[in-house]
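S.K.: Next up is a structure, given as structure tokens.
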Amino acid sequence: MKILATLSVLVLASGPASAQQQKPSVEPARLEAAMQAAWPKTGDWQARLQQDATMKECTAHDNNPATAIADAIRKREQATIQYPENGQFLGDWKRGEAIAQSGYGMRFTDYPATRANGGNCYACHQITKAELSFGTIGPSLLEYGKLRDFKDAEVKTTYEKIYNSHASFPCSNMPRFGTNKVLTIEQIKDVVALLMSRESPVNK
Ligand code: HEC
């Protein structure tokens, strides 16, 4: 009974749907001042507040750009993708699992860096059956390779989606891991192996 009462309070507190859909109106100058006050002036932190062309377009179109703009974003982001020199896209799935688990890197507490960045993939995706703690902002990646028949073309596409999500999904919520130098080419190959190799627990 107590639980039910709490639930109904939560539902009421969230208000009518129309109120939720209204865009918050904050004066841009006030917003800018608040961000600047909260943000460090050292290192690369200021640069992180600068939107690139793609982010500006995504903001301007509420992450839902019309086809022509989406196509232009895809093309621009695709051009940033660097491929492994030997054309081999599959690394080591065990290292890939460690990268998917790790949220290390680029946070306030990670300077100076003492180890390689992680991809924090589980924050948004279900990946293996064994890991029960995962977020749901992104789709489940369980049986990812199996569902794609382990095809070579799909291995390459998976690499591209991880290297630069916007090349496949313009205005995606997923970070551009390769383009923004969060992960190296070798690390991306390792997470591709986690998703696409037959031996990976993702596909068992
Ligand atoms: C902040 C959340 C977030 C993080 C972190 C994230 N992703 Fe994603 N990912 C998404 C979303 C959202 C999508 C769906 C694509 C879209 O519509 O933007 C997606 C899509 C994908 C896809 C394509 C799925 C399909 O159906 O083709 C793959 C593969 C993928 N992510 C792998 C990864 C890997 C590997 C990592 C870690 C290196 C990762 N993601 C980290 C949010 C995230």
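S.K.: Under 13 Å from the Cβ of GLN36, count the other residues' Cβ atoms, weight Lys and Arg +1, Asp and Glu -1, and hand me the total.
M.R.: Numbers: positive: ARG30, LYS41, ARG48; negative: GLU32.
So the environment of GLN36 carries a net charge of +2.
S.K.: Another question about this same structure. Rounded, prolate or oblate, given the Cα gyration tensor of segment 25-121, with a/c below 1.5 counting as rounded?
M.R.: Since a/c reaches 1.5 but b/c is at least a/b, the shape of segment 25-121 is classed as oblate.
S.K.: Let me ask something else. Over the C-alpha atoms of the chain, what are the Rg and the largest Cα-to-Cα span, Dmax, in Å?
M.R.: For the chain, the Cα-based Rg and Dmax read 20.0, 63 Å.
S.K.: Based on the alpha-carbon gyration tensor of segment 158-204, what equivalent-ellipsoid semi-axes (square roots of 5 times the eigenvalues) come out, in whole Å, largest first?
M.R.: Values for segment 158-204, descending: 21, 12, 7 Å.
S.K.: Pairs of lysine in segment 93-203 with Cα under 16 Å and at least 8 positions apart or on different chains: total?
M.R.: 10
S.K.: In terms of the Cα gyration tensor, with a ≥ b ≥ c the square roots of its eigenvalues, is segment 93-203 rounded because a/c is under 1.5, prolate because a/b exceeds b/c, or oblate? Provide the component values of the computation, followed by the final result.
M.R.: Numbers: a/c = 1.58, a/b = 1.36, b/c = 1.17.
Prolate.
S.K.: I've got another one for you. Which are the unpartnered cysteines of the chain, meaning those with no other cysteine Cβ under 4.7 Å from their Cβ?
M.R.: CYS121, CYS124
S.K.: Provide the FRET efficiency to the nearest 0.05 for the ALA37-LYS181 pair, computing r from the beta carbons and using R0 = 35 Å.
M.R.: Approximately 0.80, to the nearest 0.05.
FYI, it's all coordinate maths here, none of it is from the lab. Predicted, not measured: the structure shown is a model, and the values here were computed from it. Ideal geometry is used to build each Cβ from the backbone, glycine not excepted, and the neighbour counts take in all protein chains shown.
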